[in-house]
Amino acid sequence: MENKIELSPGLHMCAGCGLELVIRVVYDVLGNDFIEFGGPGCCLLTCRNTAPCYGTLFTNMAPSASGVSRELIRQGKETTCLCVGGDGMFSDIAFGNLTAAAERGEHLLVVCYDNEAYMNTGIQRSSRTPEGGWTNTTPAGKAAHGKKNSQKPFAMMLAEENIAYAATCSPAYMKDFRTKIEKAREASKHGFAFLHILAPCPTGWKSKPELMVQQCRDAVQTNYFPLWEAEYGEFKFTVNVKDPKPVTEFTKTQRRFAHMTEEQMAKLQDDVNINYDHIARLCK
């Protein structure tokens, strides 16, 4: 009898990649009855062989998936059409056709893994890069001090289109995360569902890979990334943080913020507070 050695096939992801954990959990919850659409970026490397996967452009994922979804509906099938992309894709380049699909109520489950920059092409700023944060196109030095603009609240923008389901998710709150995937899958049978998931990138965040889950937890506990859900525009918090920590608890483990002055950090804290207060009003 021959001795056999089983080896892991390995990963294309960097050590500590938040996307790798995110996509494993999404696949586990969805099972095999889904079709994945992956665009340019790290997400395309995650496509697996046990379910059909289509590679799309930045600008045509939602339209392509919409066409497939409509044909599946015509055939009487409930196979989930899963769209996976980063913040650069959904918050920036493809935001127009994404909101168009949301407005039409296309039967899609859209997953955005948000690592807050264009990581796959060299760490350039996106509209989700936090104010003051370093990237290669928002450098920190004598003449510049990181990104000058606040984050785009694109998940709230989509949710306020009264779509079937929208939610923010964190790999540090796994029960909440898995529940929201299940809800999004069911909602996509009737309309547009969107999951916005914080997915740290140790390479772009200049942080230690083993801190990925802790950073996700700190993001929630500082109100930097509140966890909420909205069903047809009705918002509610799914994790309540009674005594939020200062945002420095989240930023202190990431060298992309190391250059920031007290004044800049105070401005980032203001951004966090304003964003949270807006969500809190919606979650009345």
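Structure values in brief
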read-out: Those helices (runs of 4 or more DSSP H) lying entirely in the stretch 197-251 with at least 1 residues farther than 18 Å from K152 by Cα and aromatic (F, W, Y); value: 202-205, 248-251
read-out: Per-region count, the stretch 188-228, residues touching a Leu at 6+ places or on another chain (Cβ under 8 Å) and within 18 Å of A62 (Cβ to Cβ); value: 5
read-out: Checking Y232 against (1) surrounded by fewer than 18 Cβ atoms within 10 Å (Cβ to Cβ); (2) within 20 Å of Y276 (Cβ to Cβ); (3) of a type in the set (F, W, Y); (4) in contact (Cβ under 8 Å) with a residue 60 or more places away in the chain, the condition it does not meet; value: (2)
read-out: Unique residue being part of a helix (DSSP H, G or I) and either open to solvent by 50 Å² or more (accessible area, probe 1.4 Å) or of a type outside the set (D, E, K, R) (or both) when the list is A166, A172, A184; value: A184
read-out: Selection count where residues are over 27 Å from A101 (Cα atoms) and aromatic (F, W, Y), scope the stretch 183-233; value: 2
read-out: Top-ranked residue in the stretch 237-279 [being among the polar types (S, T, N, Q), open to solvent by 50 Å² or more (accessible area, probe 1.4 Å) and more than 15 Å from L227 (Cα to Cα); ranked as farthest from the chain's Cα centre (by Cα)]; value: T261
read-out: Residue check, L282 within 21 Å of the chain's Cα centre (by Cα) and open to solvent by 40 Å² or more (accessible area, probe 1.4 Å); value: yes
read-out: Every residue from the stretch 269-284 that is part of a helix (DSSP H, G or I) and of a type outside the set (D, E); value: Q269, V272, N273, I274, N275, Y276, H278, I279, A280, R281, L282
read-out: Residue among L44, L72 that is modelled with pLDDT of 85 or more and either on the phi < 0 side of the Ramachandran plot or exposed (fewer than 13 other Cβ atoms within 10 Å of the Cβ) (or both); value: L72
read-out: Count of residues meeting criterion [modelled with pLDDT under 90 and touching a strand residue (DSSP E or B) at 6+ places or on another chain (Cβ under 6 Å)] in the stretch 5-37; value: 0
read-out: Residue tally, condition farther than 21 Å from L227 by Cβ, at pLDDT 95 or above and open to solvent by 50 Å² or more (accessible area, probe 1.4 Å), over the stretch 125-153; value: 4
read-out: Enumeration of residues in the stretch 189-213 that are more than 17 Å from C14 (Cα to Cα) and either free of Cβ contacts under 8 Å to residues at least 24 places away in the same chain or open to solvent by 10 Å² or more (accessible area, probe 1.4 Å) (or both); value: K189, H190
read-out: Those residues of the stretch 108-121 which are surrounded by fewer than 21 Cβ atoms within 10 Å (Cβ to Cβ) and out of contact with any strand residue (DSSP E or B) (no Cβ under 8 Å at 6 or more places or on another chain), in sequence order; value: T121
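For (1) within 23 Å of T251 (Cβ to Cβ); (2) open to solvent by 10 Å² or more (accessible area, probe 1.4 Å); (3) not β-branched (V, I, T), each residue gets a yes or a no:
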| residue | (1), (2), (3) |
| --- | --- |
| E78 | no, yes, yes |
| N97 | no, yes, yes |
| A102 | no, no, yes |
| I123 | yes, yes, no |
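The values are calculated or read from the model by the stated rules, or taken from the named source; none is laboratory data. Everything numeric in this text was worked out from a predicted model, so none of it was measured. Positions of Cβ are generated from backbone atoms using ideal geometry, with glycine treated the same way; all protein chains shown enter the neighbour counts. These accessible areas exclude ligands, DNA and RNA; they are computed on the full protein's heavy atoms, side chains included. Shrake-Rupley method; radii C 1.70, N 1.55, O 1.52, S 1.80 Å.
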